[in-house]
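Below is one structure; the comments refer to it alone.
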Amino acid sequence: MLEDGKIYLGLSKDDPEKKVFLPLSQANRHGLIAGASGTGKTVTMKVMAESFSAAGVPVFLCDVKGDVSGICEKGKDSDGMQRRIDRFGIRDTFSYRPYPTVFYDLYGKGGHQIRTTVSDIGPALLSRILDLTDVQEGVLEIVFRVADEQGLKILDLKDLRAMLTYVSDHRDEFTSTYGNVAPQSIGAILRALLPLDKEGGELFFGEPAFDILDWIRTAEDGRGYINVLHCVETIRSPRIYAIFLLWMMAELFEVLPEVGDPDKPKLVFFFDEAHLLFSDAPKALLAKIEQTVKLIRSKGVGIYFVTQSPSDIPDPVLAQLSNRVQHALRAYTPAEQKAVRTAAQTFRPNPAFSTEEAIMTLGTGEALVSCLDEKGVPSVVERSAILCPESLMAPASATARRAAMLHSPVGDKYDTPVDSESAYEILTGRAAEAADAAEKEKEENERKKAEAAEKAAEEKEKEKKEKEAEKKKKAEDKRAEKRRDKIESQLIRTGGSLLSRGLLSILKKL
């Protein structure tokens with residue numbers, strides 16, 4: 001709820017007349033909402049989101065349990081709510097009402113599908129997410145470089161696999177230009193993609209790619225849209241969830257212009273279950289998150305991490321979170337007691353109570369609150385009762401969700417996937433063309449071979465016939481010669497006989 005350019009968060013328990021505020025001008029200094037399960041973190045997040053929306057500031061929320069979705073419906077009255085309305089002195093300003101809401105989902109089930117391309121993620125961030133070695137990251141850089149130079153778009157995971165295989169198959173060509181491309185590195189990257197694919201990477205990577213500026217919208221009544229990411233299924237895939245959050249912060253930093261210190265943020269993010277972003281993250285990735293959190297403030301973006309304990313957030317990031325709302329923590333073990341002491345030490349002390357003891361005795365809906373004042377100075381921590389939200393404190397009905405989707409300002413812009421021609425299709429086409437060419441060449445070689453064999457057979461047959469004809473001719477010539485010899489012999493014999501008879505006749509006459 002807004003009062004004089006400030007978000008009214010609640011009332012001090014030590015001074016019931018004292019209201020606890022978060023100035024809009026300091027809201028882009030980031031913040032933390034922490035506390036054990038069931039202590040009221042979600043209610044605090046909704047109260048802040050409603051207030052930002054009322055101030056015309058678009059909001060992004062992660063709906064991990066499904067109960068944040070009720071922000072699109074007006075709240076329900078009860079005796080308890082009436083007592084809280086009177087307690088906070090908001091009888092004249094409070095009203096049950098829904099807030100302009102747009103639903104999104106990385107899997108496309110509970111809202112508009114959010115996608116981005118592998119190229120937009122880039123090799124550096126992808127390498128950190130996949131926890132690749134420096135050598136493997138270098139190989140991935142080469143793959144992206146080759147894709148850029150050859151006009152091969154890497155839009156989804158099948159494109160990336162196709163490019164990895166292509167570079168591996170032609171590594172001798174690229175090694176002289178870019179450096180060694182070891183098959184072992186290619187294999188390691190392909191293996192690292194398997195869990196990402198299993199968690200739903202094939203849904204998150206693709207087109208149409210989401211335009212981050214679609215989150216920066218206001219409704220017709222001037223209130224900022226509350227963009228709710230349905231995370232009930234996504235939260236079971238921490239790798240995809242972390243990639244999405246990192247991509248989102250990086251994309252905002254790249255797209256939004258510098259605005260300095262605005263009167264109010266341009267956009268506010270609430271990252272629920274923030275520990276998933278930092279759990280087992282490599283140092284390079286933590287450094288990237290820290291850098292983004294530091295620099296994105298000047299873009300007018302406020303980031304609020306929601307988690308159970310401040311110890312879930314790395315110290316360099318925690319140091320950037322100036323606005324703190326600490327709900328109750330339980331300390332049954334030495335580790336938990338240390339976490340309580342650490343949380344207490346992050347607040348500016350209030351002489352009215354012990355911060356450490358207060359953290360362990362807070363009731364549901366109560367919190368320790370310390371925000372920056374208008375001058376940017378951290379306020380003394382206040383033990384506060386948190387305001388009640390105006391929207392429904394329960395999951396939205398299916399009817400309300402459908403209505404919100406039907407009247408969504410982005411329409412069906414992201415609801416239908418597009419499979420554009422990219423690396424996979426082009427390389428598959430090249431492979432098919434090469435296979436066709438190889439098949440044609442094989443067929444041509446076989447044809448020529450068959451023709452040669454046929455010609456050789458014809459030549460052989462011709463030669464055979466010529467030999468047979470020559471042999472036959474020789475045989476005929478031999479027979480003819482024999483006949484001539486025989487005739488000649490007969491003639492000689494006949495002539496001899498006649499000659500003999502003639503001579504004998506003559507002799508007789510003599």
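Values for this structure:
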{"quantity": "Residues D315 and A431, FRET efficiency given R0 of 56 Å [Cβ-Cβ distance, rounded to 0.05]", "calculated": "0.65"}
{"quantity": "Inter-centroid distance (Cα atoms) of region 252-299 relative to region 359-423, Å", "calculated": "17"}
{"quantity": "Extension gain (nm, one decimal) between K478 and R83, 0.36 nm per residue minus Cα-Cα", "calculated": "128.3 nm"}
{"quantity": "Coil-residue chymotrypsin sites (Phe, Trp or Tyr not before Pro) of region 251-325, DSSP, other Cβ within 10 Å capped at 12", "calculated": "none"}
{"quantity": "Calculated from backbone phi, Karplus (6.51, -1.76, 1.60) coupling profile of region 314-329 in Hz, x at Gly/Pro", "calculated": "x, 4, x, 6, 4, 5, 8, 9, 7, 9, 10, 10, 10, 7, 4, 10"}
{"quantity": "Contour excess over end-to-end distance, with Cα ends at E458 and D211 and 0.36 nm allotted per residue", "calculated": "81.7 nm"}
{"quantity": "Ranked K158, K464, criterion: other C-beta atoms within 10 Å, fewest first", "calculated": "K464, K158"}
{"quantity": "Centroid-to-centroid separation of region 127-143 and region 165-241 [C-alpha atoms, Å]", "calculated": "14"}
{"quantity": "Trypsin sites (Lys or Arg not before Pro) restricted to DSSP loop in region 184-283 with at most 16 other C-beta within 10 Å", "calculated": "R217"}
{"quantity": "FRET efficiency estimate (nearest 0.05) - Cβ-Cβ, T133 to T333, R0 41 angstrom", "calculated": "0.65"}
{"quantity": "Which label in [x] 190, 45, 43; [y] 110, 54, 43; [z] 150, 68, 26 gives the computed Cα extents along the principal axes in Å", "calculated": "[x]"}
{"quantity": "Whole-Hz couplings from phi, Karplus 6.51/-1.76/1.60, listed for region 41-49; x for Gly and Pro", "calculated": "4, 5, 4, 4, 4, 5, 4, 5, 4"}
{"quantity": "Distance in nm between pseudo-label sites at E470 and E233 (7 Å out along the Cβ direction from Cα)", "calculated": "8.5"}
{"quantity": "Fewest-first sequence of T346, T177 by Cβ atoms within 10 Å of each Cβ", "calculated": "T177, T346"}
{"quantity": "Helix axis angle, 118-130 relative to the chain longest principal axis, alpha carbon, degrees", "calculated": "80"}
{"quantity": "Placed amide H near N323: partners under 5 Å, 5+ positions off or other chain", "calculated": "G31, L32"}
{"quantity": "HN-Hα J in Hz across region 475-489 - Karplus 6.51, -1.76, 1.60, θ = phi - 60°, x for Gly and Pro", "calculated": "5, 5, 4, 5, 5, 4, 5, 4, 5, 5, 4, 5, 4, 4, 4"}
{"quantity": "Rounded to 10°, Cα long-axis angle of helix 79-88 versus longest principal axis of the chain", "calculated": "70"}
{"quantity": "Distant-in-sequence amide H partners of H112 (H built 1.01 Å from N, under 5 Å)", "calculated": "F103, Y104, D105"}
{"quantity": "Neighbour-limited loop hits for GluC sites (Glu not before Pro), region 195-304 (at most 15 other Cβ within 10 Å; DSSP other than H, G, I, E, B)", "calculated": "E220, E233, E258"}
{"quantity": "Helix-only CD estimate at 222 nm, as mean residue ellipticity for the chain, using -39500 (n - 2.57) per DSSP H run (n ≥ 4)", "calculated": "-16000 deg cm²/dmol"}
{"quantity": "Cross-link pairs beyond the 26 Å C-alpha cut-off, checked among K449/K473; K198/K338; K46/K266; K6/K266", "calculated": "K449/K473; K198/K338"}
{"quantity": "Per-peptide average of other Cβ atoms within 10 Å, ordering 54-67, 414-427 highest first", "calculated": "54-67, 414-427"}
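Readers should treat all values here as calculations from the given coordinates under stated rules, not as data from a laboratory. From a predicted model like this one, the values you see are computed outputs, not experimental measurements. Reconstructed Cβ throughout: ideal geometry from the backbone, glycine too, with neighbour counts over all protein chains shown.
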